[in-house]
Amino acid sequence: MLCDVRREARGFGWFDARWPIDNSRRDRRLRHLCSLTCQNICHRRLGMIDPTPNEKAAVVNGGRMGGEYLDSIGKTDLETLEPDEWLTFVEVLVTGYCDHLRALAARDEEHLRKLDPGQVPF
């Protein structure tokens, strides 16, 4: 499951308790979050946290895919990329990162679902 601030949710959550349950005009949805920092973001504060092991792996995957794209067009100097090549390069990096992160999150969630409820760490 992904954090509402777009990282892997890691057992943190938040909902706006100021509004009664019967108030249908307010968003009462529980927000799944990855950290206290993201809880602060939900409260309109700013901040960033260190990457998780899955995020580090996703960065490596995105970088590898970006390198493959550069190899395919025969360029290694980013300064020489044409505007359309630059946009494709960035898209390849981001897509490689996001796809890998989603795959890792799905694998982790599947692993947790297989555990006996008494073994789940949260």
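Of these, Phe122, Phe89, which one is in contact with a Phe, Trp or Tyr (Cβ under 9 Å, 6 or more places away or on another chain) and either at pLDDT 95 or above or farther than 14 Å from Arg64 by Cα (or both)? None of the others qualify; the one that does is Phe89.
Considering the stretch 75-90, and only residues there that are in contact (Cβ under 8 Å) with a residue 12 or more places away in the chain and not acidic (Asp, Glu), the residue that is surrounded by the most Cβ atoms within 10 Å (Cβ to Cβ) turns out to be Phe89. Within the stretch 72-93, being assigned to a helix (DSSP H, G or I) and over 28 Å from the mean Cα position of the chain (by Cα) holds for Ile73, Glu79, Thr80.
The values are calculated or read from the model by the stated rules, or taken from the named source; none is laboratory data. Just so it is clear, the structure is predicted and the values come from calculations on it, not from any experiment. Please note: Cβ atoms are built from the backbone with ideal geometry, for glycine as well, and neighbour counts cover all protein chains shown.
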